[in-house]
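*Asks:* Just dropping this structure here.
The values are calculated or read from the model by the stated rules, or taken from the named source; none is laboratory data. Source: prediction; values computed, not measured. Cβ placement follows ideal geometry from the backbone for every residue including glycine, while neighbour counts extend to all protein chains displayed.
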Amino acid sequence: MTSPEDPLPTIKDVTENPKNLKIVELESALLPRALGEVDLAALNGNYVFEAKLDITKALLIDRGQDGYNVWSEYLVTRPETKGDARVAKLAKVLNSEETRKFIEERYKGQVVAAF
């Protein structure tokens with residue numbers, strides 16, 4: 001398990017390996033190119049999309065309680081720019097029906113608008 005002092009898991013955090021799997025740590029960006037050389041890999045969505053992999057062929061997709069993928073993107077700002085008209089304009093565009101349609105057409109169900 002990870003600890004507050006070291007929140008990122010590594011191979012050192014594996015406490016049991018009853019199937020004696022050979023576990024190799026790779027940089028996330030390298031994983032798509034290594035898929036032909038491994039039996040199993042865990043990939044973040046951004047690397048899946050960048051490598052043009054078909055997420056529907058995944059063995060497991062981590063989903064939240066609502067049934068959608070668990071990762072979300074947020075628009076955040078510093079407290080002093082909270083009322084800035086530019087931030088409001090960007091928020092309006094990001095949460096628009098046009099953006100929703102773009103997401104649906106571009107990602108064909110692999111990414112779902114969370115607004």
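*Asks:* Here are some residues: Leu59, Leu35. Which one is farther than 23 Å from Phe115 by Cα and either touching a Phe, Trp or Tyr at 6+ places or on another chain (Cβ under 8 Å) or in a helix (DSSP H, G or I) (or both)?
*Replies:* Leu35
*Asks:* Still on this structure, please answer the following. Looking at Thr77, is it part of a loop (DSSP other than H, G, I, E, B), of a type in the set (Val, Ile, Thr) and farther than 17 Å from Gly45 by Cβ?
*Replies:* Spelling it out, Thr77 is indeed part of a loop (DSSP other than H, G, I, E, B), of a type in the set (Val, Ile, Thr) and farther than 17 Å from Gly45 by Cβ.
*Asks:* Please state which one of Asn44, Asn17 is at pLDDT 85 or above and of a type in the set (S, T, N, Q).
*Replies:* Answer to the selection: Asn17.
*Asks:* For the structure I just gave you, tell me whether Leu43 is part of a loop (DSSP other than H, G, I, E, B) and in contact with a Pro (Cβ under 8 Å, 6 or more places away or on another chain).
*Replies:* Spelling it out, Leu43 is indeed part of a loop (DSSP other than H, G, I, E, B) and in contact with a Pro (Cβ under 8 Å, 6 or more places away or on another chain).
*Asks:* Moving on to the next point. Within region 94-115, take every residue that is in contact with a Ser or Thr (Cβ under 9 Å, 6 or more places away or on another chain) and either polar (S, T, N, Q) or exposed (fewer than 10 other Cβ atoms within 10 Å of the Cβ) (or both) and give me the one that is nearest to Asn46 (Cα to Cα).
*Replies:* By that ranking, first place goes to Gln110.
*Asks:* Here's another thing I want to ask about it. Scanning for something of a type in the set (D, E, K, R) and closer than 30 Å to Leu21 by Cβ, does region 72-82 turn up at least one residue?
*Replies:* There is no residue in region 72-82 that is of a type in the set (D, E, K, R) and closer than 30 Å to Leu21 by Cβ.
*Asks:* Restricting attention to region 96-112, which residues are outside any helix (DSSP H, G or I) and modelled with pLDDT of 85 or more?
*Replies:* Ser96 - this is the single residue of region 96-112 that is outside any helix (DSSP H, G or I) and modelled with pLDDT of 85 or more.
*Asks:* Same structure again: Would you mind finding the one in Asn20, Asn44 that is without any contact (Cβ under 8 Å) to a residue 40 or more places away in the chain, at positive phi and not assigned by TED's automatic domain parsing to the domain that holds Phe115?
*Replies:* Asn20
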